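This report concerns only the one structure given below.
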Amino acid sequence: MKFSILIINSVEKLLNKILKFTCSPNKLLSNYFRKYKKLGIFERNIISKAVYNLLYNKSIYFYFIHNEFGNKTVSLRNLTLFCLKDLVNISCIEGLSKKEFYFFNKKIDFNLAPPLIKSNFPEWLFTKLVDQYGESETLELSKKINQSASLDLRVNLLKSKREIIIKKLLDFSIFCNPTPYAPFGLRITKKVSLKKIYLFTKGIIEIQDESSQLLTHIIEVKRGELIVDFCAGSGGKTLAIGSLIRNTGYIYSLDISKKKIEELKKRVIRSGLSNVYPIVIKNENDIKIKFLENKANRVLVDAPCSGLGTLRRNPDIKWYQKPFFIDKINNTQINILNNASKLVKIKGYLIYSTCSILKEENEDIVDKFMAINKNFCLIPIKNILKRQKIKLLINDNYYFKLLTNIHNTDCFFAAIMKRIK
Ligand SMILES: C[S@@+](CC[C@H](N)C(=O)[O-])C[C@H]1O[C@@H](n2cnc3c(N)ncnc32)[C@H](O)[C@@H]1O
């Protein structure tokens, strides 16, 4: 089969846009495919993978085009050929010049690059990660986080069971396996679209990474409790918690984004939950939530963060995010945590979580909180995992820390604090 030059031209056009980092890759690709309807599924698949290849491997591609080929400037055409290198057979491409043919065909050993380049992280992030994890673990992490993720699903216990869904998905030729750690999760390794499948439209399954599913287990919610999901977004954790407590108790789902809360309301209806109370708040001090002070059994703060733990799915984040954003978000994180803690009743729990890999957004925020809130104590995570029968290896006594290179999930952090007085 011959590939028309259309694929190369499409990738080239898209790379030009993606490198400006003004739009998410998914949005860019779907807008493009809407415009160029004649591109078939196969071509779309290759084009999407090529665009993501650049986001995963930008440093190394630029480095080799500069060094190996002695090019002063990196042309979009050469970059395009690099992005397609491991996706298509060169003999299948029509219309390549002799020079391009040579460029495409040349074997390259990426291991020859220096560590920073090999990591495909920007320098500021690489430096922070090496300080935190050491160079060898940073490189291990970079290998796993700079590639696409499998798709994880969570079965809504109000509507079905994991064993039943595995069989039902087969009717749509979707093969999945149980997630290794989360008891109600499924993992699909092949890319599929679920949007039109009734199991999804009727809220029987939800898309949720195993890391987030595990968080809802370590919160140890009990039936009938009053739970506050302080940064509920469009409801990923709210729905999972609601499903675990089987529609008993109360879940107050708060967020500053009206749009996200509207989406949460739709998902709540789809899921069959009737115990969720969504509230749009102005900020973490909003007077509207005063009635919840000292009332909650558990308050979850799934804080706004850099999102650097989700690079498998959002590889553009590392390129457009800058260190000053981390300082700014740290203030928001500690403010939200302090205010959310006021809602926790005595003997209740406060849970802080992020999908970040940075200590500044994780342990440092918890340390700051604990230094000024002597009425809370940290609960060791290992005991919780034991109680929940989750066989997960965690290298820390107190914190729930997942790393893509070890756990094959998004990177994730959580700390559980108990209000003792
Ligand atoms: C990591 S996301 C939450 C994701 C969500 N828990 C889920 O599972 O889908 C963080 C959320 O915090 C919200 N947020 C930002 N500042 C806030 C504040 N001051 N108070 C409450 N929510 C806030 C954002 O709108 C965003 O939806």
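The values are calculated or read from the model by the stated rules, or taken from the named source; none is laboratory data. Note that the structure is a prediction, hence the values are computed from the model and not measured. Here the Cβ positions follow ideal geometry from the backbone for every residue, glycine too, while neighbour counts run over all protein chains shown. All accessible areas refer to the heavy atoms of the entire protein, side chains included, with ligands and DNA or RNA removed. Shrake-Rupley method; radii C 1.70, N 1.55, O 1.52, S 1.80 Å.
Within the range 255-301, the residues that satisfy the criterion of being within 13 Å of residue 342 (Cβ to Cβ) and charged (D, E, K, R) are 284, 286, 290, 293, 295. Residue pairs whose Cβ atoms lie under 6 Å apart, separated by 6 or more positions or on different chains, with the first residue in the range 184-202 and closer than 18 Å to residue 157 by Cα and the second among the small types (Gly, Ala, Ser), are 187/150. Apart from one condition, residue 263 fits all of (1) open to solvent by less than 50 Å² (accessible area, probe 1.4 Å); (2) acidic (Asp, Glu); (3) part of a helix (DSSP H, G or I); the exception is (1).
Scanning the range 105-137 for residues that are over 20 Å from residue 403 (Cβ atoms) and crowded, with 17+ Cβ neighbours inside 10 Å, we see that the one that is modelled with the highest pLDDT is 117. Summed over the range 327-368, the residues that are away from the ligand (no atom under 15 Å from the Cβ), open to solvent by less than 20 Å² (accessible area, probe 1.4 Å) and without any contact (Cβ under 8 Å) to a residue 60 or more places away in the chain give a count of 1. Of the candidates 379, 372, the single residue that is more than 25 Å from residue 286 (Cβ to Cβ), in contact (Cβ under 8 Å) with a residue 12 or more places away in the chain, aliphatic (A, V, I, L, M) and open to solvent by 10 Å² or more (accessible area, probe 1.4 Å) is 379. Scan the range 107-138 for residues that are touching a residue at least 24 places away in the same chain (Cβ under 8 Å) and assigned to a loop (DSSP other than H, G, I, E, B) and the total you get is 5.
Of the listed requirements (1) surrounded by 12 or more Cβ atoms within 10 Å (Cβ to Cβ); (2) part of a helix (DSSP H, G or I), residue 99 misses just one: (1).
The residues listed here are 20, 38, 85, 58; of these, the one that is free of Cβ contacts under 8 Å to residues at least 60 places away in the same chain and surrounded by 13 or more Cβ atoms within 10 Å (Cβ to Cβ) is 85. Inspect the range 176-185 for any residue being more than 23 Å from the chain's Cα centre (by Cα), loosely packed, with under 15 Cβ neighbours inside 10 Å and more than 26 Å from residue 268 (Cα to Cα) and give the result as yes or no. There is no residue in the range 176-185 that is more than 23 Å from the chain's Cα centre (by Cα), loosely packed, with under 15 Cβ neighbours inside 10 Å and more than 26 Å from residue 268 (Cα to Cα). Restricting attention to the range 186-208, the residues that are open to solvent by 20 Å² or more (accessible area, probe 1.4 Å) and under 27 Å from residue 258 (Cβ atoms) add up to 5.
Filtering 278, 304 for residues that are touching a helix residue (DSSP H, G or I) at 6+ places or on another chain (Cβ under 9 Å), assigned to a loop (DSSP other than H, G, I, E, B) and of a type outside the set (S, T, N, Q) leaves a single hit, 304. Condition check: polar (S, T, N, Q), open to solvent by less than 60 Å² (accessible area, probe 1.4 Å) and in contact with a Gly (Cβ under 7 Å, 6 or more places away or on another chain). Does residue 146 satisfy that? For residue 146, the condition - polar (S, T, N, Q), open to solvent by less than 60 Å² (accessible area, probe 1.4 Å) and in contact with a Gly (Cβ under 7 Å, 6 or more places away or on another chain) - is not met. Considering the range 243-254, the residues that are open to solvent by less than 20 Å² (accessible area, probe 1.4 Å) and under 24 Å from the mean Cα position of the chain (by Cα) include one that is nearest to residue 153 (Cα to Cα), namely 243. Just one residue in the set 32, 63 is in contact (Cβ under 8 Å) with a residue 40 or more places away in the chain and farther than 16 Å from residue 317 by Cα; that residue is 63.
Scanning the range 210-242 for residues that are in contact with a Ser or Thr (Cβ under 7 Å, 6 or more places away or on another chain), open to solvent by 20 Å² or more (accessible area, probe 1.4 Å) and within 15 Å of the ligand (Cβ to nearest atom) yields 236, 237.
Within the range 313-326, the set of residues being open to solvent by 10 Å² or more (accessible area, probe 1.4 Å) and away from the ligand (no atom under 13 Å from the Cβ) comprises 313, 316, 319, 320, 321, 322, 323, 324, 325.
Among the residues that make up the range 254-263, is at least one of them more than 7 Å from the ligand (Cβ to nearest atom) and closer than 13 Å to residue 296 by Cβ? Checked the range 254-263: no residue is more than 7 Å from the ligand (Cβ to nearest atom) and closer than 13 Å to residue 296 by Cβ.
Restricting attention to the range 310-321, does a residue exist that is over 30 Å from residue 20 (Cα atoms), assigned by TED's automatic domain parsing to the domain that holds residue 352 and out of contact with any Lys or Arg (no Cβ under 6 Å at 6 or more places or on another chain)? No, there is no match, as no residue in the range 310-321 is over 30 Å from residue 20 (Cα atoms), assigned by TED's automatic domain parsing to the domain that holds residue 352 and out of contact with any Lys or Arg (no Cβ under 6 Å at 6 or more places or on another chain).
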